[in-house]
Amino acid sequence: MRYLYQMHWTEIVTTGHSKEVKSDLVKPGRILHVHNCYLHVPESAKNDVVTIYLHHGAQKHVLRSRARDQAKQGMSVLLPFCVGEHQYITGYAPQADNGDEITLGLCGEMRDLKKWRKGKV
């Protein structure tokens with residue numbers, strides 16, 4: 001049986017804040033199959049750039065990055081993806097001001113890595 005995963009993390013930007021919101025680290029022996037990943041930045045202005053990264057050790061892989069449109073309050077990753085053990089997701093809003101709220105939400109399935117490698121999922 002698969003473990004359905006639905007979590008969100010919120011950060012409020014303060015002075016000296018990294019302007020990032022981080023997901024939990026995927027535990028050893030597990031893999032997270034993400035169906036939907038959304039970065040919500042409602043206070044951002046038009047053309048403010050937001051980015052969603054996958055962290056693998058010291059490397060950061062861009063999943064999606066774009067400037068905000070007039071009517072949008074955030075951005076989602078367009079395709080499903082997997083987050084392996086010891087990896088996590090970060091949402092980054094470099095133009096966020098003090099008091100702005102940044103929220104990262106993930107929906108997906110947490111799977112056993114051994115079964116996933118054998119194709120038994």
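Throughout, read-outs are computed from the coordinates displayed, never taken from laboratory work. Note that this is a predicted model, so its numbers are computed, not measured. Cβ placement follows ideal geometry from the backbone for every residue including glycine, while neighbour counts extend to all protein chains displayed.
Key figures
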| item | result |
| --- | --- |
| Those strands (runs of 3 or more DSSP E) lying entirely in segment 1-78 with at least 3 residues among the small types (Gly, Ala, Ser) and surrounded by 11 or more Cβ atoms within 10 Å (Cβ to Cβ) | none |
| Filtered residue count, segment 79-108, keeping only those that are within 29 Å of Thr15 (Cβ to Cβ) and surrounded by 14 or more Cβ atoms within 10 Å (Cβ to Cβ) | 15 |
| Options Lys60, Lys46: the member that is touching a Lys or Arg at 6+ places or on another chain (Cβ under 7 Å) and of a type in the set (Lys, Arg) | Lys46 |
| First in segment 82-101 and under 11 Å from Arg30 (Cα atoms), second anywhere and part of a loop (DSSP other than H, G, I, E, B) and β-branched (Val, Ile, Thr), Cβ under 8 Å, 6 or more apart | Val83/Val26; Gly84/Val26; Glu85/Val26; His86/Val26; Gln87/Val26 |
| Residue within segment 103-114 that is more than 22 Å from His55 (Cβ to Cβ) and touching a strand residue (DSSP E or B) at 6+ places or on another chain (Cβ under 6 Å) present | no |
| All positions within segment 18-55 that are without any contact (Cβ under 8 Å) to a residue 40 or more places away in the chain and either more than 15 Å from Leu104 (Cα to Cα) or among the aliphatic types (A, V, I, L, M) (or both) | Lys46, Asn47, Leu54 |
